[in-house]
Amino acid sequence: MVNFQAGSHILVIEDEKYRRTITLEDSTYSMGRHKSNSIAINSKQVSRKHATLIRRLNTKTNTYSYWILDGDLEGNKSVNGIFVNGEKCLVKELKNGDLINFGCNVNASYHCTNANQVSDTLITINRLRNGVGTLHGQTIGESTTALKDNEVTAFKSSLRTANWTLTGTLHDKTSAKETIREEAFRDFLTDLPNRTLFNEYLSIALSNAKRNQNLVGVILLNIDSFKNINDAFGYPVGDQLLKCCAERLNTCFRSGDIVARWGGDEFAVLLPKMASPEDANKISLRILDVLKQPFEISGQNLQLKVKLGTAIYPQEGRDAKALVQQAAENLRCYRESIEHVSNLQDSGSDPKAAQLSKAKVILSQAIAQEEFSVYYQPQINITTGEVQGMEALLRWKHPRYGQVSPSKFIPLAEETDLIIPIGQWVLKTACLQNLAWQQLGLPALPISVNLSPKQLQHPDIIKMVSQVLDNTGLDPQLLELEITESAIMQNTELAGQVLKKLKQLGVHISMDDFGIGCSSLGYLKQYPFHTLKIAQSFVQELKEDSQDAAMLSALIALGRGLNLRVVAEGVETEQQVDLLRRLHCEEMQGYRFSQPLQAEEASRFLAFNSII
């Protein structure tokens with residue numbers, strides 16, 4: 001059961017003369033200077049429809065939280081933007097103590113308090129429907145209260161405090177039994193759920209999956225050579241490293257996903273609601289991407305290597321025990337796939353260099369033996385029923401282990417720099433396949449190819465793309481290169497230069513997984529994007545009249561307003577198709593239309609399914 005009333009969601013708005021304290025209860029609030037808004041703001045510098053507050057369910061805690069969206073739900077953006085804790089955002093989940101600025105002299109703060117923590121002898125803030133409340137003995141509410149200069153200064157100071165502190169002392173009413181119970185389910189070092197609580201979440205997720213017929217994913221993550229870090233730098237550094245890993249991991253996931261401390265140097269991830277196995281692959285790649293960045297701890301620059309094992313319900317296990325065991329087995333196989341080529345280095349060699357040498361041998365053999373292949377997934381215009389494009393996806397069929405997940409071998413290809421020749425081969429193969437379809441008399445369609453962060457930063461990336469286009473003869477406008485926000489963030493200045501030069505070649509650029517992270521509006525204006533690919537997480541949780549639908553509508557309207565092509569990824573059901581159609585999203589990609597296909601199968605699909 002969702003518990004919304006257990007805590008108060010409070011918004012405090014302040015300008016030079018007035019302040020208001022508003023208890024949030026409704027599902028949406030429009031904010032702006034026009035009096036028709038749910039929350040009217042008294043400033044000419046604020047847009048008529050400046051921002052929107054949206055209530056969403058946080059399935060991790062089974063409670064609601066509020067998100068703030070720049071502009072209205074029709075996709076119209078504010079003039080000055082919104083800033084949360086100093087960072088300009090398109091859409092962001094609000095946390096207790098967050099400071100909000102409306103791009104001018106209007107500030108606000110958001111507070112989510114546990115009702116049980118506030119003493120009855122302290123301030124009582126009445127619901128908005130009662131009209132007024134009291135703060136420090138003064139009347140407040142929907143009507144504004146003029147402030148004296150010293151009160152303005154004091155109130156601005158209170159806005160900068162991380163916790164909502166009221167007059168008096170907060171009373172901790174948590175019983176000793178409740179404290180002990182909480183500690184029994186959480187890891188004291190990282191403050192993540194522990195193995196016991198993770199298993200409870202997993203059991204619940206599997207019960208829901210059986211009822212709703214959705215997929216569930218489990219990912220086990222192991223930090224390689226963590227013992228060596230403890231031995232070399234001491235346990236305090238090792239502990240701090242684990243805490244930093246937990247913080248980074250928490251940035252990787254969708255609403256509802258859960259990360260836990262499994263024990264020692266291992267973490268576990270639960271994906272309770274997946275639409276396709278590709279979800280686990282994308283999350284795995286995101287994990288590897290954030291953890292490969294160096295950690296600065298106690299003056300030490302530490303770079304980690306991690307290994308992943310993934311298992312998916314129901315294909316790889318129908319109960320919690322079987323699913324975890326399979327994930328552990330896949331983690332072991334991940335190690336073996338790297339380590340089974342032995343004796344490449346003598347015992348005195350650097351272990352990390354030896355490991356990378358082994359991985360490079362395995363991947364080089366895969367290239368030489370043509371174990372890699374390219375699959376293609378169609379993108380459909382549901383208004384016309386026509387195929388609008390194809391995305392090229394790299395796959396590896398190992399002679400011993402069968403299909404190897406991209407989340408396992410792509411990071412290794414990045415580490416060994418083999419992603420450069422592999423990526424060039426994928427690009428050339430996709431371009432040649434596009435030409436082959438045209439020679440069969442099929443319509444000329446754009447083909448999308450993913451660019452990894454290492455490829456984006458390679459000094460010869462422009463030369464390589466240009467040579468492939470020249471050698472294959474493909475029209476540059478029929479090639480679309482997909483990049484993620486995280487790839488841009490690694491070097492924003494270099495990314496801008498590269499994308500500008502790619503545009504000059506005539507190539508189209510797509511932002512993949514749009515809607516995850518900050519989804520900065522600045523990126524859309526700064527870089528020459530042609531396409532936005534809406535992240536699967538929005539599509540998967542899409543329900544009629546849901547807040548996800550409202551947010552998705554805003555993202556779609558934003559893309560259309562900027563004259564960008566908008567494609568929704570991960571579309572699996574007819575209900576999702578109908579809802580996306582109503583939200584004016586015309587192009588879709590996912591298992592509802594087709595799984596990724598081998599070249600021959602994709603050719604048949606294009607020949608016989610030009611109309612869906």
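The values are calculated or read from the model by the stated rules, or taken from the named source; none is laboratory data. As the structure is a computational prediction, the values presented were derived from the model and not from experiment. Note that each Cβ is placed from the backbone with ideal geometry, even for glycine, and that neighbours are counted across all protein chains shown. When the accessible area is computed, the model is the full protein with side chains, heavy atoms only, and any ligands, DNA or RNA have been set aside. Shrake-Rupley method; radii C 1.70, N 1.55, O 1.52, S 1.80 Å.
Just checking, does the stretch 7-16 include any residue being open to solvent by less than 50 Å² (accessible area, probe 1.4 Å), hydrophobic (A, V, I, L, M, F, W, C) and at pLDDT below 85?
No, the stretch 7-16 contains no residue that is open to solvent by less than 50 Å² (accessible area, probe 1.4 Å), hydrophobic (A, V, I, L, M, F, W, C) and at pLDDT below 85.
Can you go through I488, I534, I516, I509 and tell me which one is at pLDDT below 80 and of a type in the set (V, I, T)?
I516
Within the stretch 425-433, can one find any residue that is more than 22 Å from F372 (Cα to Cα), among the charged types (D, E, K, R) and surrounded by fewer than 20 Cβ atoms within 10 Å (Cβ to Cβ)?
Within the stretch 425-433, none of the residues are more than 22 Å from F372 (Cα to Cα), among the charged types (D, E, K, R) and surrounded by fewer than 20 Cβ atoms within 10 Å (Cβ to Cβ).
Among the residues of the stretch 313-321, is there at least one that is surrounded by 13 or more Cβ atoms within 10 Å (Cβ to Cβ), within 30 Å of E485 (Cβ to Cβ) and modelled with pLDDT of 80 or more?
Checking the stretch 313-321: at least one residue is surrounded by 13 or more Cβ atoms within 10 Å (Cβ to Cβ), within 30 Å of E485 (Cβ to Cβ) and modelled with pLDDT of 80 or more.
Only residues in the stretch 297-313 that are under 20 Å from S405 (Cβ atoms) count as the first member; pair them with residues that are open to solvent by 20 Å² or more (accessible area, probe 1.4 Å) and in a strand (DSSP E or B), Cβ under 9 angstrom, at least 6 apart or cross-chain, and list the lot.
Matching pairs, first to second residue: I312/L215; Y313/L215.
Conditions (1) assigned to a helix (DSSP H, G or I); (2) open to solvent by less than 10 Å² (accessible area, probe 1.4 Å); (3) not small (G, A, S), marked per residue:
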site	(1), (2), (3)
D548	yes, no, yes
M551	yes, yes, yes
L555	yes, yes, yes
G559	yes, yes, no
N563	no, no, yes
Q575	yes, no, yes
E601	yes, no, yes
A607	yes, no, no
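Among the residues of the stretch 438-451, are any of a type in the set (A, V, I, L, M), outside any loop (DSSP other than H, G, I, E, B) and farther than 24 Å from S407 by Cα?
Within the stretch 438-451, none of the residues are of a type in the set (A, V, I, L, M), outside any loop (DSSP other than H, G, I, E, B) and farther than 24 Å from S407 by Cα.
With N105, N37, N116 as the choices, which residue is at pLDDT below 90 and either assigned to a loop (DSSP other than H, G, I, E, B) or over 30 Å from I204 (Cβ atoms) (or both)?
N105
Could you go through the stretch 428-446 and let me know if any residue there is within 28 Å of the chain's Cα centre (by Cα) and within 30 Å of A327 (Cβ to Cβ).
There is no residue in the stretch 428-446 that is within 28 Å of the chain's Cα centre (by Cα) and within 30 Å of A327 (Cβ to Cβ).
Taking the criterion of being assigned to a strand (DSSP E or B) and open to solvent by less than 10 Å² (accessible area, probe 1.4 Å), would at least one residue in the stretch 486-509 satisfy it?
yes
Looking at N212, N250, which is the one that is touching a Leu at 6+ places or on another chain (Cβ under 9 Å), surrounded by fewer than 18 Cβ atoms within 10 Å (Cβ to Cβ) and of a type outside the set (A, V, I, L, M, F, W, C)?
N250
Let me confirm something: among L53, L57, which residue is out of contact with any Cys (no Cβ under 9 Å at 6 or more places or on another chain), of a type outside the set (G, A, S), at pLDDT 85 or above and under 23 Å from D257 (Cα atoms)?
L53
Cβ-Cβ below 9 Å, separation at least six or inter-chain, first residue in the stretch 397-424 and modelled with pLDDT under 85, second of a type in the set (F, W, Y) and part of a strand (DSSP E or B): which pairs?
K408/W396
Against the condition open to solvent by less than 20 Å² (accessible area, probe 1.4 Å), among the hydroxyl-bearing types (S, T, Y), in contact with an Asp or Glu (Cβ under 9 Å, 6 or more places away or on another chain) and modelled with pLDDT of 80 or more, how does S284 come out, does it pass?
So S284 does not fit the description; no.
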